Amino acid sequence: MNSNLHIIANQLSKNFLVGNSSNVVLKNLNFQLKQGEFVSIIGASGSGKTTLLKLLSGLIEPSAGYISINNTSPNSYKRNKKLGFVSQNPALLPWSNVEENINLALKINRHTNQFNDDDKVKDMLKFIKLEGIENYYPDQLSGGMKQRVSIARSIIYNPELLIMDEPLSALDEFTRDQIRYEILALHQKYKPTIIFSTHNIFESVILSDKVFILSDKSKNFIENVKINLPRPRIPEIEYSSKVLNYVSRLKNIIYNDK
């Protein structure tokens, strides 16, 4: 097997029982990801994006097929503390301040000497623009600040895989634009494999090396589109003809599936 392969999914399917019938959510998915790739998953509501992320995170088991992450199951991989997860709604501890919430990830996912933790947290606060609010509590933070804390907490212990389930969807457009480039900077610095779900086609192009398009009709990928844009990605590329062409192509694929 190629040593650069990080994730393999083979004939991956998931059904849920609804009453006496079986509801097929995903059917016979096959894909491979290399270490350090940034992949976005897009598709209409109900197309199975969140279900796929839960399967990759080991939160639920497949009905058929399998997922291999570095030659092990998602559950084993998660137990080895190599996986970070960011959801749409930041799950911050309300009784802990910003610094304590981020430091918690280092305590749970012990990879370094605890005496270095303070320095790691300070570096992260600076990198993700949280300096000056480290003593604030979650109820004192805006939605964007809460999500920055959640992202910082998920990446500070250097996971090899970061799964992000629509992390920007609840934010205003200005904050969303800012955090989008902070995520790109984190990917550039820490180099995890990132799997990112979104409804935003433009966002998927700006962020990704590949875009996987899920179909609510076939319960499988309609197409996997490789995004050939140089890294690091900068705001100036947003309205380039190449980006707009990718956006148009993805829209056509999705609309033709309806």
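No lab work stands behind these numbers, since they all come straight from the coordinates. It should be emphasised that the depicted structure is a prediction, and the values quoted were computed from it without experimental measurement. All Cβ positions, even for glycine, are placed from backbone atoms using ideal geometry, and neighbour counts span all protein chains on display.
For (1) of a type outside the set (A, V, I, L, M, F, W, C); (2) outside any loop (DSSP other than H, G, I, E, B); (3) more than 21 Å from the chain's Cα centre (by Cα), each residue gets a yes or a no:
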{"position": "A170", "(1), (2), (3)": "no, no, no"}
{"position": "K217", "(1), (2), (3)": "yes, no, yes"}
{"position": "K242", "(1), (2), (3)": "yes, yes, yes"}
{"position": "S248", "(1), (2), (3)": "yes, yes, yes"}
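Quick check on this structure: which one of R153, R148, R180 is surrounded by 15 or more Cβ atoms within 10 Å (Cβ to Cβ) and within 20 Å of T50 (Cα to Cα)? The conditions single out R180. If the condition is being loosely packed, with under 11 Cβ neighbours inside 10 Å and assigned to a strand (DSSP E or B), then segment 219-240 contributes only K226.
Of the residues in segment 183-199, not one is over 16 Å from the mean Cα position of the chain (by Cα) and of a type in the set (S, T, Y). Scanning segment 1-30 for residues that are more than 26 Å from P192 (Cα to Cα), of a type in the set (A, V, I, L, M) and not in a strand (DSSP E or B) yields a total of 0. Residues in segment 39-95 that are part of a loop (DSSP other than H, G, I, E, B), at negative phi and polar (S, T, N, Q): 8 in all. The residues on offer are L106, L56, and the sole one that is of a type in the set (A, V, I, L, M) and within 13 Å of the chain's Cα centre (by Cα) is L56. Against the conditions (1) assigned to a strand (DSSP E or B); (2) over 15 Å from E160 (Cβ atoms), L33 satisfies every one except (2).
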